[in-house]
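As C-alpha cells, the structure follows; a few thoughts come after it.
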Amino acid sequence: MRTNLLLAFILLTAFANGQSFKNGQVDLNLGIGLGNTFIGSGYSTTVPALSLAVDYGITDAISIGGYLGYTKAKWEYSGTGFCNNGNGVGNFLYAFTDTYTWSYTIIGVRGAYHFTSLVKNDNLDLYAGLMLGDNIASSTFSSVTTPFCDKHDVVFSGQSYGGFILSGFLGARYRFNDHVGIFGELGYGIAVLNIGLNYKF
C-alpha cells in the first residue's frame, strides 16, 4: 500500500503543472566527475575532474551554452642504479625518482533539448544534448637522482597535445527551491559522470 502511494506521488509530482525550463533562463552547473575519462588506474589524481557549465534558454525547450573541464594526475617510479661518476673512481650506486604528470582542459560549446513537454515539474529538468570542444592536454617528465650521476641529473621535459572532441550527454537537474538544486550528467566530457550543484538565475 505504501509503495503504491509513493509511486502515485512520484507520478503526480513528475507530471504536475509547471515548467522546468523557460526561454531566457540561465543555469550554472558546478560539478565533480566520477569515472575520469582520461586518467586510468594506477595513476594518482592530483586535481579531480572538475567541470563548470552554463546554459541559456533560447526557447522553452532549447538551450545553448559553454563548458569548461579540468583534471590532473601523476605517476611516480623510484629505483636504484649504478653509474660512473666520471673521475675514474668507478661505478657507484644512486637512487632515482621519475615523475610523469598529465593535465587535461576541455573547453566547449554545447546545446541541449529540455523535455519540458514530457516532465512538467517546476523542480525537475531532464535534457539531452551535444557538445563541440577542444581537449587541451599536456604532459611533463622529471627525473631526479641522488647523488647526481653522469647523464642522470635532473631532467625536465614536456609536450602539448589534444584535439577536437564531439560528445553527447544526458542530464537531469532537481531544484529544492527557485534557484538552488543538484544535477547529474552522463556522457563524454572530463568524466563519464558529472554530479554537483545547480544554480538557476
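Please compute the modelled spin-label separation between L68 and L93, points set 7 Å along Cα→Cβ, answer in nm with one decimal. It is 5.0 nm. Taking amide H as placed 1.01 Å from N in the peptide plane, K120 has its amide H under 5 Å from the amide H of A16, each at least 5 places away in sequence or on another chain. Stretching the chain fully between W75 and Y113 yields a gain of 9.7 nm (0.36 nm per residue, less the alpha carbon separation). Shown in residue order for segment 31-37 are the 3J(HN,Hα) couplings computed by the Karplus curve 6.51 cos²θ - 1.76 cosθ + 1.60 at θ = phi - 60°: x, 10, x, 10, x, 3, 5 Hz (x for Gly and Pro).
Residue separation of T59 and I136 scaled by 0.36 nm, minus their Cα-Cα distance, works out to 24.6 nm of gained length. Here the peptides 44-55, 164-175 are ranked by packing, the mean other Cβ count within 10 Å, and the order with the highest first is 44-55, 164-175. What the phi angles of segment 165-173 give under the Karplus curve with 6.51, -1.76 and 1.60, with θ = phi - 60°, is a coupling list of 10, 10, 9, x, 8, 10, x, 8, 10 Hz, glycine and proline written as x.
No lab work stands behind these numbers, since they all come straight from the coordinates. Worth saying up front: this structure is predicted, and the values here are computed from it rather than measured. Here Cβ is always computed from backbone atoms with ideal geometry, including for glycine, and neighbour counts include all displayed protein chains.
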